[in-house]
Protein chains: 2
Amino acid sequence: MSQAPARVIAVDTHDIRFPTSRELDGSDAMNPDPDYSAAYVVLRTDAADGHEGHGFVFTIGRGNDVQVAAIDALRDHVLGRDVAQLCADPGSLFRDLIGDSQLRWLGPEKGVMHMAIGAVVNAVWDLAARRAGKPLWQLLADADPEWLVAQIDFRYIADALTPEAALDLLRRGRAGAGERRARLLERGYPAYTTSPGWLGYDDDKLGRLAAQAVADGFTQIKLKVGADLDDDIRRCRVARAVVGPDIRLAVDANQRWNVDEAIRWTKALAEFGPYWIEEPTSPDDVLGHATIRRAVAPVKVATGEHVHNRIVFKQLLQAGALDIVQIDAARVAGVNENLAILLLAARFGVPVCPHAGGVGLCELVQHLSMFDYLCVSGTTEDRVIEYVDHLHEHFRTPVVIRDGHYTAPTVPGFSAALRPEAVERYTFPGGTYWAADPDTQKGQAA
Amino acid sequence: MSQAPARVIAVDTHDIRFPTSRELDGSDAMNPDPDYSAAYVVLRTDAADGHEGHGFVFTIGRGNDVQVAAIDALRDHVLGRDVAQLCADPGSLFRDLIGDSQLRWLGPEKGVMHMAIGAVVNAVWDLAARRAGKPLWQLLADADPEWLVAQIDFRYIADALTPEAALDLLRRGRAGAGERRARLLERGYPAYTTSPGWLGYDDDKLGRLAAQAVADGFTQIKLKVGADLDDDIRRCRVARAVVGPDIRLAVDANQRWNVDEAIRWTKALAEFGPYWIEEPTSPDDVLGHATIRRAVAPVKVATGEHVHNRIVFKQLLQAGALDIVQIDAARVAGVNENLAILLLAARFGVPVCPHAGGVGLCELVQHLSMFDYLCVSGTTEDRVIEYVDHLHEHFRTPVVIRDGHYTAPTVPGFSAALRPEAVERYTFPGGTYWAADPDTQKGQAA
């Protein structure tokens with residue numbers, strides 16, 4: 001009697017919100033009072049191994065319930081799937097989700113619906129990596145190039161990256177991967193820190209945290225800018241004085257400017273030697289970024305945390321609109337779409353420096369950069385993953401930063417699982433934290 | 001004793017779904033079986049006049065509940081607003097909704113959250129027009145140019161359209177508006193019809209409906225293409241034979257192609273003299289559209305129904321990527337953002353031919369084109385509004401088509417209100433239609 005294959009038996013969703021607005025952690029020119037949140041999904045199966053798959057969308061508070069509703073709308077696509085087949089080919093589900101024509105209308109391939117797909121797809125990769133007994137970066141690095149190429153949707157990007165070109169990149173990328181892996185395990189992957197630079201911090205706190213960052217081994221820090229030019233000049237001066245000339249100082253405007261403002265403002269900060277200007281304008285404005293980049297060189301232009309899919313990244317690269325590709329693990333449609341973006345960046349020779357922070361974005365994206373190092377770009381030169389020291393304690397396998405580097409995870413999975421205590425405490429509005437909070441009764445976090 | 005000002009006292013939302021997939025009405029290469037739906041919102045006030053404001057997002061079935069949840073997430077911004085102030089300046093609410101930094105993260109300015117803002121903003125315009133006793137097109141045409149300019153968010157578009165340039169366009173646009181208005185009331189605004197061309201129709205039905213369209217006075221029809229080239233060639237041949245050489249024949253690929261496919265396929269249909277190729281590829285691909293346009297001329301390139309905001313329209317115009325701007329009344333953030341798009345199109349001298357059909361899109365968008373004719377472009381030359389003969393019977397003031405023209409609405413408002421019977425019958429899943437449908441029990445429309 002043959003045994004029935006294991007199936008996905010539940011797609012559990014959770015509205016998790018952390019009250020970060022109360023300390024102005026995470027404050028910037030566009031987002032003055034975020035409550036860092038996660039629309040969190042857990043796939044459960046009836047396999048004997050008991051493994052689950054975890055994923056999430058990062059949001060900053062209000063609307064996290066809408067994001068949960070969007071994940072719920074995908075449930076019927078996932079329930080009942082054969083677990084072994086699903087994990088052997090996460091791309092099969094990815095294609096079904098992207099291809100649901102009725103849901104596609106709500107994007108297409110952008111916004112709430114697209115991020116929901118990303119959470120579910122990432123949960124499948126988490127499950128697949130756990131079942132394989134490998135951290136995700138290793139599962140990807142061990143995979144056949146042909147299989148990886150089959151995980152990618154080339155629709156709308158084939159004019160810049162064909163499957164053949166992708167396969168060629170991945171085959172060539174393997175040369176020397178063994179040595180790089182040893183180095184990764186020994187040294188980790190370089191990080192930079194945004195913790196000193198939140199807009200809500202005063203100069204003393206900025207200076208103190210900047211000095212601490214250098215002492216902790218970071219060679220790049222980042223400051224939020226864009227609300228007030230005089231303040232920005234003063235804060236850049238404080239930071240540069242503290243860190244000295246050899247530490248890279250990036251600045252981040254969080255989309256505050258029009259094209260001409262971005263150019264003027266960035267030039268006004270040029271005396272402090274900013275390494276990159278991040279999100280100078282709307283993430284949708286490919287041509288605007290190209291104009292800004294031409295005007296502000298040698299300051300580099302970085303963007304990507306709000307770039308909603310591979311098609312916009314393709315154009316940013318085609319237009320010569322950016323120097324740094326900032327992938328985000330939870331904005332696009334999961335690992336599958338990020339594979340396409342890593343390969344597009346490699347094809348154009350542009351370094352990838354991921355966006356992280358938020359809730360669990362560091363935990364996720366480290367796997368993608370480590371895979372990029374091992375098998376795509378083959379280098380960490382001019383590459384750094386953002387690091388922010390928020391909320392890691394709520395994850396079961398939080399990132400480990402050592403001497404300004406992300407330590408390579410060794411626990412199987414995608415590092416996406418929250419601790420049960422965090423779910424219990426910060427579920428909105430019924431968790432123990434929010435139930436005890438008088439403002440919650442108004443139906444609004446913070 | 002002064003009386004308290006009237007307030008918004010309710011933001012009622014409804015998940016309305018019509019079972020259109022059962023007849024393959026609306027079928028195209030990307031959307032084989034849509035259930036045309038509306039995430040419908042009704043603003044109620046305590047004003048003595050009893051007027052309501054109606055708006056909606058058009059979707060094609062699954063996920064309409066997510067869209068409703070997104071509108072619900074905006075409720076707190078609207079409840080309690082002073083009705084007179086709100087209607088005197090819909091832009092005040094528009095800015096607050098666009099500017100909610102926590103909700104903005106879910107886009108920004110795209111997808112489910114952005115369309116929800118559009119529905120609420122459009123409901124305010126409906127309310128404002130009802131209270132003013134004017135159809136919306138007339139309210140806009142009677143407004144001061146300065147006031148109209150103040151309704152627009154110029155962020156991210158000022159490099160292509162400044163407030164000063166917008167004001168100049170609107171001031172110049174008024175010359176001759178009185179004569180145009182008389183002509184509009186007499187003749188209406190030209191339409192074209194997509195009703196013959198759905199992909200699910202056989203050649204007989206296509207030929208019969210195409211002949212009927214010409215008999216009904218339409219001078220342009222549209223065919224869906226993109227699933228199979230041989231079928232498309234055959235269907236274009238049938239249509240061209242029926243309508244003769246003088247009727248414009250547009251074709252619509254609904255984003256099915258990559259850039260090179262779009263070029264190849266469009267050239268293969270060139271012998272039938274297509275007037276425009278619509279949505280040849282992803283709506284996000286500005287540069288791809290520019291490449292296609294250069295290659296397929298003199299066939300015109302049209303897109304816009306899925307272009308998610310003014311920033312992408314700006315770039316399509318800057319890049320010379322399209323010949324026809326196809327605004328949609330319910331994809332962007334409502335009338336305010338569409339004012340920006342109409343003015344951008346005018347600035348670049350590109351005609352606007354709106355997308356319509358769906359549920360109520362004809363009802364809405366006619367007002368915008370009529371305003372464009374009276375006060376912006378000043379012409380209907382090479383301009384047509386799409387017309388599809390679906391679902392109008394469910395609206396309280398359905399469009400009236402006469403001799404291939406939209407008749408100018410005279411009833412106050414934005415023509416957005418559904419009939420109460422439609423709401424009662426097609427609310428999903430509890431309305432009388434769906435409650436009686438066995439498939440509804442599976443939790444899925446159709």
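Couple of notes before you dig in:
- Sorted shortest first, the distances from the B:Arg208 label point to those of the same residue in the other copies are 8.1 nm; each point sits 7 Å from Cα along Cα-to-Cβ.
- The angle between the Cα long axis of helix A:334-348 and the main principal axis of chain A comes to about 50°, on a 0 to 90 degree scale.
- Two-site FRET efficiency, A:Asp82 against B:Glu23, from Cβ-Cβ distance with R₀ of 41 Å, rounded to 0.05: 0.75
- Note, ³J(HN,Hα) from phi for segment B:245-250, Karplus 6.51, -1.76, 1.60, rounded to Hz, x at Gly and Pro: x, 9, 8, 6, 10, 8
- Rounded FRET efficiency, nearest 0.05, which uses the C-beta distance separating A:Arg402 from A:Glu424 and R0 of 25 Å: 0.25
- Simple spin-label estimate for A:Asp203 and A:Glu393 in nanometres, 7 Å along Cα-Cβ: 3.2 nm
- Distance between segment A:350-424 and segment B:3-24 - C-alpha centres, whole angstrom: 43 Å
- Karplus-derived 3J(HN,Hα) values for segment B:33-47, using 6.51 cos²θ - 1.76 cosθ + 1.60 with θ = phi - 60°, are 8, x, 9, 4, 9, 9, 8, 10, 10, 10, 8, 10, 10, 9, 5 Hz; glycine and proline are entered as x.
- Among A:Phe395, A:Phe428, a tally of other beta-carbon atoms within 10 Å of each Cβ gives an order, fewest to most, of A:Phe395, A:Phe428.
- Cα Rg, Dmax, segment B:167-420, angstrom units: 17.6, 51
- Once the Cα gyration tensor of the protein assembly as shown is diagonalised, semi-axes √(5λ) in Å: 43, 31, 28
- Teacher prompt: A:Asp260 distances to equivalent labels in other copies, 7 Å Cα→Cβ, nm: 4.2
- Helical content of the protein assembly as shown, expressed as a calculated mean residue ellipticity at 222 nm, amounts to -12000 deg cm²/dmol (DSSP H runs of 4 or more residues, -39,500 (n - 2.57) each, divided by residue number, nearest 500).
- In degrees, nearest ten, helix A:177-187 long axis to first principal axis of chain A (Cα): 60 degrees
- Listed peptides A:111-118, A:343-350, A:43-50 by packing density, highest first (mean Cβ within 10 Å): A:111-118, A:343-350, A:43-50
- DSSP bridge analysis restricted to segment B:167-420 gives an antiparallel fraction near 20%, rounded to the nearest 5.
- Förster radius 35 Å - calculated FRET efficiency between B:Arg234 and A:Asp144, Cβ distance, rounded to 0.05: 0.25
- For peptides A:127-140, B:146-159, sequence by mean Cβ density within 10 Å, most packed first: A:127-140, B:146-159
- Most mobile listed residue (A:Asp89, A:Asp382, A:Asp142) in chain A, GNM with C-alpha springs under 10 Å: A:Asp382
- Tail fraction, Cα-Cα pairs, chain A, threshold 34 Å, whole percent: 29 percent
- Proximity of backbone amide H atoms, modeled 1.01 Å from N, is registered between A:Ile385 and A:Ala191, A:Tyr192 at under 5 Å, excluding neighbours fewer than 5 places apart on the same chain.
- Each Lys or Arg adds one and each Asp or Glu subtracts one; over the other residues with Cβ under 11 Å from the Cβ of A:Leu86, this totals 0.
- For the segment B:400-408, counting C-beta atoms of other chains within 10 Å of every residue's C-beta and taking the mean gives 0.
- Of the peptides B:56-69, B:239-252, the ranking by mean beta-carbon count within 10 Å, highest at the top, reads B:56-69, B:239-252.
- Which of B:Cys87, B:Cys362 has the fewest Cβ neighbours within 10 Å, and the rest in rising order: B:Cys87, B:Cys362
- Per-bin percent of Cα-Cα distances, segment A:341-427 [10 Å]: 17, 46, 27, 9, 1
- In this Cβ point-charge picture (+1 for Lys and Arg, -1 for Asp and Glu), the protein assembly as shown has a dipole of about 1120 debye about its Cα centre.
- Per residue of B:312-325, other chain Cβ atoms within 10 Å of the residue Cβ number 2 on average.
- Tilt relative to chain B, helix B:259-268 - C-alpha long axis, 0 to 90 degrees, to 10: 50 degrees
- Antiparallel beta bridges, as assigned by DSSP with both residues in chain A, represent about 55 percent of the total such bridges.
- Modelled label positions at B:Glu271 and B:Arg75, each set 7 Å beyond Cα in the direction of Cβ, lie 6.0 nm from each other.
- Counted over the protein assembly as shown, the DSSP beta bridges are approximately 55% antiparallel.
- Peptide-level mean, for B:68-74, of C-beta atoms on other protein chains within 10 Å: 5
- Entries in B:Lys222/B:Lys267; A:Lys110/A:Lys205; A:Lys224/B:Lys314; A:Lys110/B:Lys205; A:Lys110/B:Lys224; A:Lys110/B:Lys267 that, when Cα-Cα distance is taken, lie over 26 Å: A:Lys110/A:Lys205; A:Lys224/B:Lys314; A:Lys110/B:Lys205; A:Lys110/B:Lys267
- Simple point charges give the picture: +1 on the Cβ of Lys and Arg, -1 on the Cβ of Asp and Glu, and for chain A a dipole about the Cα centre of about 760 debye.
- Loop sites in segment B:338-412: GluC sites (Glu not before Pro), DSSP, at most 10 other Cβ within 10 Å: B:Glu381
- The fewest-to-most ranking of B:His54, A:His390 by surrounding Cβ atoms within 10 Å reads A:His390, B:His54.
- Label points for B:Gly273 are taken 7 Å from Cα along Cα→Cβ. From this copy to the others they lie 6.8 nm apart, shortest first.
- Closest approach to the axis carrying A onto B, counted by Cβ on chain A and given in whole Å with its residue, is A:Gly111, 1.
Just so you know, all these numbers are worked out from the coordinates, no wet-lab data involved. If you're wondering where the values come from, they're calculated on a predicted model, not measured in any experiment. Reconstructed Cβ throughout: ideal geometry from the backbone, glycine too, with neighbour counts over all protein chains shown.
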